[in-house]
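What follows draws every value from the coordinates through simple rules; no lab data is involved. All values reported here derive from a predicted model rather than from experimental measurement. Cβ placement follows ideal geometry from the backbone for every residue including glycine, while neighbour counts extend to all protein chains displayed.
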Amino acid sequence: DYKETVKWYRKATEQGLNVAQSNLGTMYYNGHGVHQDYKEAAKLWINAAEQGNSDAQYNLGVIYKQGKGVLQDYVMAHMFFNIASISGDKDAVEDRDIVTNLMTPSQLEKAQGLAREWMRTH
């Protein structure tokens, strides 16, 4: 029952659990138990990503690549795929490489700098 799952994820999210934040973001992204809301998914994933959740980091890469809930931004997509790959997400490596082929050298340099800064501050 998706609605019951959402209820429990919300309670856990209020306690600051990053796995619950990430999972609730996925519920919003897919519209399971809630109205589909890409912006709400992005907000939840950012909170979870800041706490080191690699699934949320990967999902942020996906939505920045797609432009769902956020403006399409290959620099940000690359940054989050890179961070997720450093956190151990295997799919992120492949997706980072795909996005790299869509970027200019200056965009790539910016993305790498942002990823380094993120890793220093989170």
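Phi-derived couplings, Karplus 6.51 cos²θ - 1.76 cosθ + 1.60 at θ = phi - 60°, listed residue by residue for region 39-53: 5, 5, 4, 4, 4, 5, 5, 4, 4, 5, 4, 5, 9, x, 6 Hz, with x used for Gly and Pro.
What separates the Cα centres of region 67-122 and region 1-58 is a distance of 21 Å. Springs between Cα atoms under 10 Å define the GNM used for the chain, and in it the highest mean-square fluctuation of 40, 14, 50 occurs at 14. Every helix of 4 or more DSSP H residues in the chain counts as -39500 (n - 2.57), and over all residues that averages to -24500 deg cm²/dmol at 222 nm.
Would you mind checking the tilt of helix 2-14 against the longest principal axis of the Cα atoms of the chain, expressed as 0 to 90 degrees and rounded to 10? Taking the Cα atoms of the chain, the angle to 2-14 is about 70 degrees. In the chain, the longest principal axis of the Cα atoms and the axis of helix 18-30 are about 90 degrees apart.
Note on the chain: dipole from Cβ charges, positive end direction compared against 66, 29, 8; the farthest Cα belongs to 8. May I ask for the angle, rounded to the nearest 10°, between helix 54-66 and the longest principal axis of the chain, with both axes built from Cα atoms and the value confined to 0 to 90°? Between helix and principal axis, roughly 70 degrees. Taking the average, over residues, of other Cβ atoms within 10 Å as the packing measure, peptides 76-84, 1-9 rank 76-84, 1-9 from highest down. Restricting the calculation to Cα atoms, every distinct pair contributes to the Kirkwood radius of the chain, found to be 14.3 Å.
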